[in-house]
């Protein structure tokens with residue numbers, strides 16, 4: 001069966017500078033095994049499958065797969081799926097906002113005047129890292145953070161580590177074996193590092209995110225869920241993020257707070273538009 005397919009670049013208005021996402025626009029009738037096989041084949045960090053919603057308040061339902069498992073929520077797939085649907089002509093039930101149904105429930109995605117999309121960060125559970133695990137963290141990252149790392153679970157779990165400088169953040173070269181051990185002990189999916197830019201810099205914070213997939217160490221180009229977890233840790237004024245620098249990317253994330261609720265905004269651009277036979 002031929003189905004609508006888009007590959008979009010998320011958190012960038014410039015092609016090839018953000019985080020790619022594959023979107024199957026009509027996945028009705030596909031089994032979970034078929035979805036997982038397609039996600040393995042696209043070989044991207046995530047592939048999403050659009051289905052009719054089961055909740056009447058939602059505009060659509062999205063299932064989100066990595067190459068090896070399904071996630072109840074992820075950030076760049078949320079924005080990329082909404083963008084792909086809008087580009088395909090989907091009209092939201094409520095003007096200016098799409099409601100996505102996914103594994104964590106309903107997630108609103110706003111449409112800004114400049115074309116950016118923003119999702120409201122789902123609630124997160126936080127747990128400060130056990131101090132006995134800090135030597136392993138130091139071995140995994142090669143740095144010793146001054147702030148206590150925090151595990152943040154938002155459907156996908158990130159170990160959030162604040163560092164002092166952008167230079168320190170960009171210098172991190174994780175040890176895959178130690179990081180794998182750390183992720184198993186903390187029950188996290190990956191580690192997200194962030195550090196403040198100097199006043200007048202290209203953004204307010206630099207972010208990097210690392211995870212292990214099929215036993216391989218990967219750096220995620222731009223990470224909506226990790227940025228959402230960081231945003232929930234420090235409610236207050238909005239700020240701007242740069243991510244992907246170490247990979248030669250230039251992803252951009254804008255965090256806006258409304259009543260202490262963080263919204264994660266970014267631009268997207270279509271790279272591939274066509275059909276997939278599945």
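Quick notes
- Restricting attention to the stretch 1-29, the residues that are touching a helix residue (DSSP H, G or I) at 6+ places or on another chain (Cβ under 9 Å), under 18 Å from residue 273 (Cβ atoms) and either modelled with pLDDT under 95 or assigned to a loop (DSSP other than H, G, I, E, B) (or both) total 3.
- The set of residues in the stretch 250-266 being crowded, with 22+ Cβ neighbours inside 10 Å and not in a strand (DSSP E or B) is empty.
- Test: residue 192 is surrounded by 23 or more Cβ atoms within 10 Å (Cβ to Cβ), out of contact with any helix residue (DSSP H, G or I) (no Cβ under 9 Å at 6 or more places or on another chain) and closer than 17 Å to residue 155 by Cα: no
- Test result for residue 192, over 25 Å from residue 10 (Cα atoms) and in contact (Cβ under 8 Å) with a residue 24 or more places away in the chain: no
- If you filter the stretch 41-62 down to residues that are in contact (Cβ under 8 Å) with a residue 40 or more places away in the chain and closer than 15 Å to residue 31 by Cα, you find that the one that is surrounded by the fewest Cβ atoms within 10 Å (Cβ to Cβ) is 61.
- Within the stretch 30-84, tally of residues that are more than 15 Å from residue 225 (Cα to Cα) and in a loop (DSSP other than H, G, I, E, B): 15
- The condition of being in contact with a strand residue (DSSP E or B) (Cβ under 6 Å, 6 or more places away or on another chain), under 21 Å from residue 243 (Cα atoms) and surrounded by fewer than 22 Cβ atoms within 10 Å (Cβ to Cβ) holds for only one of 145, 149, that being 145.
- Every residue from the stretch 197-242 that is touching a helix residue (DSSP H, G or I) at 6+ places or on another chain (Cβ under 8 Å) and touching a residue at least 60 places away in the same chain (Cβ under 8 Å): 220, 221, 222, 223, 224, 225, 226, 227, 228
- Considered as a group, the residues in the stretch 213-250 that are touching a strand residue (DSSP E or B) at 6+ places or on another chain (Cβ under 8 Å) and modelled with pLDDT under 95 include one that is nearest to residue 167 (Cα to Cα), and that residue is 233.
Residue by residue, here is whether (1) assigned by TED's automatic domain parsing to the domain that holds residue 75; (2) closer than 18 Å to residue 263 by Cα; (3) under 21 Å from the mean Cα position of the chain (by Cα) holds:
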| position | (1), (2), (3) |
| --- | --- |
| 106 | yes, yes, yes |
| 116 | yes, yes, yes |
| 135 | no, no, no |
| 138 | no, no, no |
| 142 | no, no, no |
| 147 | no, no, no |
| 150 | no, no, yes |
| 154 | no, yes, yes |
| 163 | no, no, yes |
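- Against the list (1) surrounded by 23 or more Cβ atoms within 10 Å (Cβ to Cβ); (2) in contact with a helix residue (DSSP H, G or I) (Cβ under 6 Å, 6 or more places away or on another chain); (3) touching a residue at least 40 places away in the same chain (Cβ under 8 Å), the condition residue 67 fails is (1).
- Members of the stretch 101-133 that are outside any loop (DSSP other than H, G, I, E, B), touching a strand residue (DSSP E or B) at 6+ places or on another chain (Cβ under 7 Å) and over 22 Å from residue 192 (Cβ atoms): 101, 106, 108, 110, 111
- Test for residue 111: is it under 28 Å from residue 203 (Cα atoms), under 21 Å from the mean Cα position of the chain (by Cα) and surrounded by fewer than 22 Cβ atoms within 10 Å (Cβ to Cβ): yes
- Scanning the stretch 244-272 for residues that are more than 18 Å from residue 76 (Cβ to Cβ) and touching a residue at least 12 places away in the same chain (Cβ under 8 Å) gives 257, 260, 261.
The values are calculated or read from the model by the stated rules, or taken from the named source; none is laboratory data. On a predicted model such as this, the values are computed, not experimentally measured, just so you know. Cβ coordinates were reconstructed from backbone atoms using ideal geometry, including for glycine residues, and neighbour counts include every protein chain displayed.
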